[in-house]
1. Name the long-range amide H neighbours of CYS30: under 5 Å, sequence gap of 5 or more, or other chain; modelled H, no Pro or chain starts.
2. With a 10 Å Cβ neighbour count serving as the proxy for reagent exposure, in which order, fewest first, do LEU13, LEU147, LEU118 appear?
3. Rounded to the nearest 500, what is the 222 nm mean residue ellipticity of the chain from helices alone, with -39500 (n - 2.57) per DSSP H run of 4+ residues and division by all residues?
4. From the phi of every residue in the range 2-12, what ³J(HN,Hα) in whole Hz does the Karplus formula 6.51 cos²θ - 1.76 cosθ + 1.60 yield, where θ is phi - 60° and glycine or proline is x?
5. Just how large is the dipole of the chain about the Cα centre, in debye to the nearest 20, putting +1 at every Lys and Arg Cβ and -1 at every Asp and Glu Cβ?
6. Among ALA100, PHE80, ASN190, which residue has its Cα positioned farthest towards the positive end of the charge dipole of the chain, with +1 placed on the Cβ of Lys and Arg, -1 on the Cβ of Asp and Glu, and the dipole taken about the Cα centre?
7. When the chain is modelled as a GNM with alpha-carbon springs shorter than 10 Å, which of VAL86, VAL66, VAL168 fluctuates the most?
8. Counting only C-alpha contacts under 8 Å and six or more residues apart, can you give the relative contact order of the range 4-140 as a whole percent?
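Any read-out appearing in this document is the output of simple, stated calculations on the displayed coordinates, not a laboratory observation. The structure displayed is predicted, hence computed values, not measured ones. Using ideal geometry, Cβ is built from the backbone for each residue, glycine included, and neighbour counts are taken over all protein chains shown.
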Amino acid sequence: MNKTFYVVEDHSLMRQGIMGFLAEHSDFECIGYSSNARDFFDAMRSQGEGGLPSVLITDLNIEGSVENGLSLIKNCRSAFPSVRIVVYSMHSAGSIVSGALEAGCDGFVSKMSDEAELKNALENAVLGKRYVDPEIAPNLVTFEKTLSQFTQRENEILRLILQNKSNVQIAEELGINKRTVENCISRIYNKTGFSTHKELIASFGSRDF
């Protein structure tokens, strides 16, 4: 079984720590690293299909934005479907974990957890199994429960946000005033932990509301 990995992490000490730990405590081989998504995709295209890693380990907050991390996951899943994706992140909020899983990652591990959890995630990923760090799994369960408690109006508005509609367009389509839309969006932000339309679209664009 091919057991190789590539790391996308913009903090050099963290990157070295990941590679050093896996070199010493696993049989996974590192075939490359970069600090941003652009360099990762350039490297993958130059490698060709036969040189792809079995697992991509990536931070979620890339170049200062979680949205960039979610885009990396989606684009990697689309361009290189054979590559498994494990997120290794400081983020542990259920909304963030859910968004990453929706984007297409196969595993999610908190940087605050024991490094052995990263190895566990990689081992599961190459077997085609999803793995969520046990320390943050309860956050995901709580968040999914919150989503199930959205009101009909909140679901309607979220669906239109995911269609990239503005607040004015949402108000017109639903026949309600703009202030009502804004109040409802504020509740959606509070429930999901996000604060912009872009973050909602990046995280829930594939969901059916």
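1. Amide H neighbours of CYS30, under 5 Å, 5+ apart: PHE5.
2. By the 10 Å Cβ count, ascending, the order reads LEU13, LEU147, LEU118.
3. One gets -16500 deg cm²/dmol as the mean residue ellipticity at 222 nm.
4. 5, 10, 10, 9, 10, 10, 10, 7, 8, 9, 4
5. 700
6. The one lying farthest along the dipole's positive direction is ASN190.
7. The residue with the greatest mean-square fluctuation here is VAL168.
8. Value for the range 4-140: 20 percent.
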